[in-house]
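Derivation of every value follows stated rules applied to the coordinates shown; laboratory data play no part. What you see is a predicted model; the values in this text were computed from it and never measured. Quick reminder, even Gly has a Cβ in these numbers, built from the backbone with ideal geometry, and neighbours come from all protein chains shown.
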Amino acid sequence: MSLRESTKTTEPIIELRDVVKRYDTGGEVVDALKGIDFAAKPGEFVAVMGPSGSGKSTMLNVLGLLDAPTEGTVLLDGRDVTDLSDEEQTKERKRSIGFVFQNFYLIPTLTATENVEMPTLFGDDPDARERAEDLLRRVGLGDRLDHRPNELSGGQKQRVAIARALINSPRILLADEPTGNLDQKTGRSVLELFLELTEERDVAIIAVTHDPQVSKYADRTITLVDGRMQDWEMAGVTDQ
Amino acid sequence: MSLLDDLSRRFPALLMARRNLSRNQLRSGLAVLGIIIGVFAIASLGMFGTTLRAGATDQLGDIGNEVVVSPAFSEGVTELTERDVTQIERAASGTTVVPVKQRQALVTRGDERTVATLYGMERPGALYTATDGRVPDRLRQGAVVGSGVAERFGLQAGNSITVDEQTYRIVAVLTQQDGISLVDPNNAVIVSPTDFEADGYSQVVVTAETGEAATAAADEIRDTLNGREERVTVFELSSITEGINAFFGILNAFLIGIGSISLLVAGVSILNVMLMSTVERREEIGVLRAVGVQKRDVIRMILLEAALLGFAGGVVGAVLALGAGIALNQFVIDDALATFQPVNLLYLVLAVGFGLITSVLSGLYPAWKAAGERPVDALRK
Ligand SMILES: Nc1ncnc2c1ncn2[C@@H]1O[C@H](COP(=O)(O)OP(=O)(O)OP(=O)(O)O)[C@@H](O)[C@H]1O
Ligand SMILES: [Mg+2]
């Protein structure tokens, strides 16, 4: 922990200020987030826990510029990104944010390398292939470069997905239940990979999870209940 | 394939599009089949029209360049005088004017006899060519026989025949005339007009270089001879050929219209295929958008898929249509190479273009729909 102590002084890379997210579905109004204040610093690994329907995914979507908050402000590297246009949001997602999903969401027709390259495919990025192969080697899939997703195990798929999330060297990695579809052991190896990434690349990782072993690896765990952050755990450092 | 791979490296949308299409090959294949049928229908029906027109024009020969002037029987004029002929020559300058006398005559050779048309023409060489012997510049004595008569009696140049009471030496046998003509020489014997008792001519044949010149000459003759009173009836065949051309133009448009309907159906099937495939790929497209692929790139990718379907179908359809055109031309007008004329190439290009445009248009809605969905919505479980 002492290593990470030093990073605590740096400015947050991503921040939510008093964020409210309200869904209005034909008469019924749901407040999925009811005033969230949250910040993550570079190199920090934050676990987000809480019961089903408490707003975890919603919070992650707002952090990932996939969804705009109804009220409040989103700051990315100190810059207000709350009201960006779709095109600017997309550009910012490509530049600064990596996503890892519970279902991996790899493209079945593309090889592992092509899947990792995928975020760069529609732009001019000549050395993307090389970076993709390096990343796959980094996550331990150097011998699976040309395999299609259906030729990979769940853990391997998630590693490909993590490599894909890292292809543009993002500052933030957002993961929604990254170990949800993996067994204990495979999940642990993914979490170890996360931990290494925070140290190697100074990436801030925010992972939504039901899996208690995630918080063992995280620097801190926050708990959402009914759209609010629980104070009693906010300050609490993880139980190592 | 290596070219495609090379292209795919350079245009990643192409890579994605190709892979997506290969995902459900049967479905893609059926969509392509629709386009093939549509493009084939348009191109082959268009070429079919060209062949029909060529066949018909062939039948008509070059009567389009002919104007036939006859006496205005309805006004009581029964024959054309030397004065009329001079006037016609003056009015239709730059054309060949051949006055013709005509009656039925009994043709005899040995024991055989037949009734044939007897023409009196001073210059039959201006209108016809010979297979045997030579058509003289001025026919003063002897007779020129049409191919039909020659065949019936087994005649050659140098033989002699009797027409009514008079015996003629044959100076030439005419080439068989295939086209329709108002002065048909096949079953006729041509002699000098001085051998006719009547002074007047039954008709005057005016031959121009082109159809337009023929029409102009006809107008001029009408103006000059029918100025005060109706003297002559002018019959021009160029108006008929124009009519025939117009008819085939309409027929072609109609055939292509039918072809277009099948292409429209193909478009609907592509719309359906693209819609299905984008709905199936909803989450994938959501991920693309989440990891930073712009809306317009998603649209481009899906349109490219539709365009690939259209292009594949178009090329195959065009090749098949070309094959059908060659077969048809070989069969109908006995000239396979007639397929390769500019009009037909135009039909092919047009058909492929239509196929491509139909496909891309059909891809527009699915593309717009898929790209318009917010990634959060696409990825919600
Ligand atoms: N698009 C939407 N329209 C309406 N309500 C929504 C929408 N998205 C989420 N909600 C509601 O917002 C609340 C929070 O949903 P969210 O998906 O963030 O929960 P979660 O904590 O991720 O749950 P889980 O652990 O089951 O994934 C839920 O009550 C949900 O029904
Ligand atoms: Mg969730």
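Considering only DSSP beta bridges where both residues belong to the protein assembly as shown, give the percentage that are antiparallel (nearest 5).
The antiparallel proportion sits near 70 percent.
For the protein assembly as shown, give the magnitude of the charge dipole about the Cα centre (Cβ charges: +1 Lys/Arg, -1 Asp/Glu; no others), in debye to the nearest 20.
About 1880 debye.
What are the ³J(HN,Hα) values, in whole Hz, obtained from phi via the Karplus relation 6.51 cos²θ - 1.76 cosθ + 1.60 with θ = phi - 60°, for each residue of the range B:211-218 in sequence order, with x given for Gly and Pro?
Once rounded to whole Hz, the list reads x, 5, 4, 5, 4, 5, 4, 4.
By count of other Cβ within 10 Å, fewest leading, how are A:214, B:163 ordered?
B:163, A:214
Can you tell me the orientation of helix B:12-23 relative to chain B, as the angle in degrees between its alpha-carbon axis and the longest Cα principal axis, to the nearest 10?
Orientation of helix B:12-23: about 90 degrees from the principal axis.
If you fit an axis through the alpha-carbon atoms of helix A:128-138 and take the longest principal axis of the Cα set of chain A, what angle between them do you get, 0 to 90°, nearest 10?
Once rounded, the angle reads 80 degrees.
Report, in debye and to the nearest 20, how large the dipole of the range B:64-238 comes out about its Cα centre when Lys and Arg carry +1 and Asp and Glu carry -1 on their Cβ.
520 debye
Using only the alpha carbon atoms of chain B, find the Kirkwood hydrodynamic radius as the inverse mean reciprocal pair distance, in angstroms to one decimal.
26.0 Å
If amide hydrogens are placed 1.01 Å from N in the peptide plane, which non-local residues have theirs closer than 5 Å to the one on residue B:237?
HN-HN under 5 Å from residue B:237: B:66, B:68.
In terms of Cα to Cα distance under 30 Å, which lysines are near enough to residue B:369, apart from those fewer than 8 places away along the same chain?
Once the sequence-local lysines are set aside, what remains near residue B:369 is A:21, A:56, A:91, A:94, A:157, B:295, B:381.
Counting pairs of alpha carbon atoms under 8 Å apart in space and at least six apart in sequence, what relative contact order in percent does the range B:64-238 give?
Over the range B:64-238, the number comes to 38 percent.
Please give the helix B:82-91 orientation as an angle from the longest Cα principal axis of chain B, in degrees from 0 to 90, rounded to the nearest 10.
30 degrees
For a Förster distance of 22 Å, can you work out the FRET efficiency between the beta-carbons of residue A:23 and residue B:368, rounded to the nearest 0.05?
0.30
GNM, chain A, Cα, under 10 Å: largest mean-square fluctuation among A:135, A:84, A:195?
A:84
Estimate the FRET efficiency between residue B:165 and residue B:199 by the formula 1/(1 + (r/R0)^6), using the beta-carbon distance for r and 22 Å for R0, to the nearest 0.05.
With R0 = 22 Å, the Cβ-Cβ based efficiency is 0.65.
Which of these, B:79, B:66, B:165, has the largest mean-square fluctuation under a Gaussian network model of chain B (Cα springs below 10 Å)?
B:165
Counting other Cβ atoms within 10 Å of each Cβ, which trypsin sites (Lys or Arg not before Pro) in the range B:161-267 have at most 15 and sit in a DSSP loop?
Answer in residue order: B:228.
Tabulate in residue order the Karplus-calculated ³J(HN,Hα) for the range B:372-380, using 6.51 cos²θ - 1.76 cosθ + 1.60 with θ = phi - 60°, rounded to whole Hz; enter x for Gly and Pro.
x, 6, 6, x, 4, 6, 5, 9, 6
Using label points projected 7 Å from each Cα along Cα→Cβ, tell me how many nm separate residue A:127 and residue B:30, to one decimal.
Taking the simple label geometry, residue A:127 and residue B:30 are separated by 4.8 nm.
Using the Cα centre of chain A as origin and beta-carbon charges of +1 (Lys, Arg) and -1 (Asp, Glu), tell me which of A:10, A:107, A:229 is placed farthest towards the positive end of the dipole.
A:107
If amide H atoms are built 1.01 Å from N in the plane of the peptide, which residues on other chains or at least 5 residues away come under 5 Å of the amide H of residue A:100?
A:174, A:175, A:176
Could you line up B:297, A:146 from fewest to most neighbouring Cβ atoms inside 10 Å?
Lowest count first: A:146, B:297.
Running a GNM on chain A with Cα contacts under 10 Å, which residue among A:224, A:33, A:152 ends up with the highest mean-square fluctuation?
A:152
For the protein assembly as shown, what does the equivalent ellipsoid look like in terms of its semi-axes, each the square root of 5 times an eigenvalue of the Cα gyration tensor, given largest first in whole Å?
94, 24, 17
Compute the distribution of all C-alpha to C-alpha distances in the range B:64-238, in bins of 5 Å from 0, and list the percent of pairs in each, rounded to whole numbers.
Calculated P(r), rounded to whole percents: 1, 9, 18, 20, 18, 15, 10, 6, 2, 1, 0.
Run the simple label-point estimate for residue A:195 and residue A:216 please: 7 Å along Cα→C-beta, distance reported in nm.
0.9 nm
For the range B:225-381, what does the relative contact order come out to in percent, with C-alpha contacts under 8 Å and a separation of six or more?
The normalised contact order for the range B:225-381 reaches 37 percent.
In percent, what relative contact order does the range A:14-234 have, based on Cα pairs under 8 Å that are 6 or more apart in sequence?
Relative contact order of the range A:14-234: 31 percent.
What is the antiparallel percent of DSSP beta bridges lying wholly in chain A, to the nearest 5?
55 percent
Go ahead and collect, in residue order, the members of the range A:76-117 whose backbone nitrogen is under 19 Å from a label point 7 Å along the Cα-Cβ direction of residue B:22.
A:106-117
How many nm separate the modelled label positions at residue B:279 and residue A:52, each set 7 Å beyond the Cα in the direction of the Cβ?
Between residue B:279 and residue A:52, the simple spin-label model gives 2.7 nm.
Applying 1/(1 + (r/R0)^6) with R0 = 60 Å to the Cβ-Cβ distance of residue B:126 and residue B:361, what FRET efficiency is obtained, to the nearest 0.05?
My answer for the efficiency is 0.55.
Give me A:144, A:201 ranked fewest to most by other Cβ atoms within 10 Å of their Cβ, as a rough exposure proxy.
Fewest-to-most ranking of A:144, A:201: A:201, A:144.
Express in nm, to one decimal, how much length is gained between residue B:229 and residue B:141 on full extension, taking 0.36 nm for each residue of separation and deducting their alpha carbon distance.
28.0 nm
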